[in-house]
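Before any comments, here is the structure.
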Amino acid sequence: MEIRGLASPFSSIGGRFLGAAEPSDPATVRRTLTAILSGISIGLGYYLGTRIGFALTPAGQPNSTFWPPNAILLGALLLTRRRIWWLLILAVLPAHMLAQAQVGVPLATAVGWFVTNTGEALIGAFCIRKFMSTEGLFSSVRGVFVFLVFGGLFAPLATSFLDAGAVVITGWGHSYWPLGAERFWTNALAELTVVPCLLSWPSAVSWLRKASGAQWCEAVTLAAGTVLVTLLVFDFQWLSPVTVPAWIYVPLPFLSWATVRFGTGGLSFSVLGVTLTSIWYTMHGREPFPYASMPQNILSLQILLCIVMVSLLFLAAVMSEVRRTQESFRNVSGNLISAQEQERQRIARDLHDDLGQRLALVQADVNELTEEFGDSMKPRLGYLSSQLHDISTTVHEISHGLYPSHLEYLGLASAVRRLCGEVQQGSNLSVGFVVGDLPAGLPYSTMLCLYRVTQEALHNIVTHSQASNIQVELEAGDKGMLLRISDDGVGFDVDDAGVGLGLPSMRERVRSVGGSIEITSSPKSGTRIEVRIPLA
């Protein structure tokens, strides 16, 4: 009874505020625990962000150069359901007051900052969620625009001057308008750099689990290069922008590299690192812009980083949209190829089961008539039977070409070997086939793609190349399947290959399974086709 009494109020709270139907529902308890743990995590993150903000506050100044807690709270609100926002606000209250008290901020100023900090996060989160789903926020131009308008501009602008008002009213600072402008750029820079990091964190963790060795090496090289270049620019006097102002732009190629190769996640983490490093060194005397005071250097650096981040966020969104468009085209192409194969299979089945059987029956009837009629009719009936046999054989070959059933039952190597044998028997060509160790359980789509490419390539060679020798090689490597087809024919100009459907069809097939195809040829020098398809 005591256990039930303890559990009942806890479950009822979860049911009332988290939308549970039954107090004893395990899912309700799990959601309640998740919400509480989320609140504790956000409170700790908010506290650490506040401490970082105070650590980046110049001595004697009321404004920090970089203020992360607002952005941390905004990112948390965007990642959670609206019904538990109250819990997150409640969780950051003790974290906020504790961090403020530790540095001696007056109570009135601390309360005013809490109202404006949470107000900024709530305004930004509400407006962004009103116009855009959080999922994929930074993967479209529209999503980036919504985030910049409400998260990077409207919310900081709406609260920064209220924040400055709280500072001036409580006597913590003076000069309302300059304080408000400084506060805006401080908050805006934090929103632009921290929120994308938080929203990209789940995809970053997933990428870390699935990344290959080469991708890990690239990521480590990018991170090390970004850190090294930033330190060289801000820590070494002989590379200081004070002597050569253009040095301030040296990290930009690394930020572009992060954007192109790793998207919004790589960009946001890189810019965040550059921001913290550059602001720290600027606060401690490494002022990048000559003939300006330290506050002016900080403001110029904040504006520069905001402009860079906005530009690269749009670039990452455009590239993400382009990749989705390419993926969509590849899916459409794959669906068309799949529909084509299904139609071929249907026609092949009709030819084999219907027309082929009818021809066989007609041939059997003709053979019976040959036995019944006299010698005068036997030559003509025998000729008719021979023609029916040839037609039946042709129908069987067409059916076999439309749907290679032996590919499914015998495997890729046997099917390609049989195809090479048929080409050699039907022409004067010498067809060599070399096969390596192929992995078991190849996807049928991969096998069909390689078979169709081989079929189309051999047909083109027989029809157009005037070759004497053909070499077909099939093997599996570390990066996937490799198909190489070469001949000693007359070759052709790849860039001027006409309007036939053979080469485009091969390219579309290979692209539909995520592979690549390379065709090397020139007049009177033969042709080589290399197809690579990843196994993953």
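Brief remarks on what is shown
- Residue within the range 511-527 that is under 15 Å from V416 (Cβ atoms) and out of contact with any strand residue (DSSP E or B) (no Cβ under 8 Å at 6 or more places or on another chain) present: no
- Residue match in the range 152-163 (condition: among the charged types (D, E, K, R) and in contact with a Lys or Arg (Cβ under 9 Å, 6 or more places away or on another chain)): yes
- Search result, residues across the range 108-162 that are of a type in the set (K, R) and either at pLDDT 95 or above or farther than 19 Å from L73 by Cβ (or both): R142
- Checked against the criteria, G489 does not count as surrounded by fewer than 16 Cβ atoms within 10 Å (Cβ to Cβ) and of a type outside the set (S, T, N, Q).
- You will find that of T32, T50, the residue that is modelled with pLDDT under 90, in the same structural domain as G151 (by TED's automatic domain parsing) and assigned to a helix (DSSP H, G or I) is T32 and no other.
- Residue within the range 504-523 that is part of a loop (DSSP other than H, G, I, E, B), surrounded by 13 or more Cβ atoms within 10 Å (Cβ to Cβ), at pLDDT 85 or above and over 31 Å from the mean Cα position of the chain (by Cα) present: no
- Scan of the range 116-147 for residues that are outside any helix (DSSP H, G or I) and farther than 16 Å from V322 by Cα, ordered by number: M132, S133, T134, E135
- With respect to the conditions (1) part of a helix (DSSP H, G or I); (2) surrounded by 19 or more Cβ atoms within 10 Å (Cβ to Cβ); (3) in contact (Cβ under 8 Å) with a residue 40 or more places away in the chain, P288 lacks only one, and its number is (1).
- S468 vs. criteria closer than 13 Å to E530 by Cα and at pLDDT 85 or above: no
- Only one of S392, S399 that is surrounded by 19 or more Cβ atoms within 10 Å (Cβ to Cβ), modelled with pLDDT under 75 and assigned to a helix (DSSP H, G or I): S399
- Listed by first and then second residue, the pairs with beta-carbon distance under 9 Å, at least 6 apart or on different chains, first residue in the range 116-130 and over 15 Å from V195 (Cα atoms) and in the same structural domain as F154 (by TED's automatic domain parsing), second part of a helix (DSSP H, G or I) and of a type in the set (S, T, N, Q), are T116/N70; T116/T159; T116/S160; G119/T159.
- Qualifying residue in the range 96-106 (condition: aliphatic (A, V, I, L, M), in a helix (DSSP H, G or I) and either modelled with pLDDT under 90 or over 18 Å from I52 (Cα atoms) (or both)): no
- Leading residue by the ranking (farthest from the chain's Cα centre (by Cα)) among those in the range 412-422 that are of a type in the set (D, E, K, R) and modelled with pLDDT of 85 or more: R418
- Near pairs, Cβ below 9 angstrom, 6+ apart or cross-chain, from the range 423-449 (at pLDDT 90 or above) to any residue that is surrounded by 15 or more Cβ atoms within 10 Å (Cβ to Cβ) and hydroxyl-bearing (S, T, Y): none
- Residue in the range 137-159 that is at positive phi and either over 26 Å from the mean Cα position of the chain (by Cα) or in the same structural domain as L189 (by TED's automatic domain parsing) (or both) present: no
- Test: L222 is in a helix (DSSP H, G or I), outside the structural domain of L74 (by TED's automatic domain parsing), buried (at least 19 other Cβ atoms within 10 Å of the Cβ) and in contact (Cβ under 8 Å) with a residue 12 or more places away in the chain: yes
- Residue that is surrounded by the fewest Cβ atoms within 10 Å (Cβ to Cβ) [pool: residues in the range 166-216 that are modelled with pLDDT under 80 and either under 18 Å from L78 (Cα atoms) or among the polar types (S, T, N, Q) (or both)]: S175
The values are calculated or read from the model by the stated rules, or taken from the named source; none is laboratory data. Bear in mind the structure is a predicted one, so any value in this text is a computation, not a measurement. Here the Cβ is made from the backbone with ideal geometry for all residues, glycine too, and neighbour counts use every protein chain on show.
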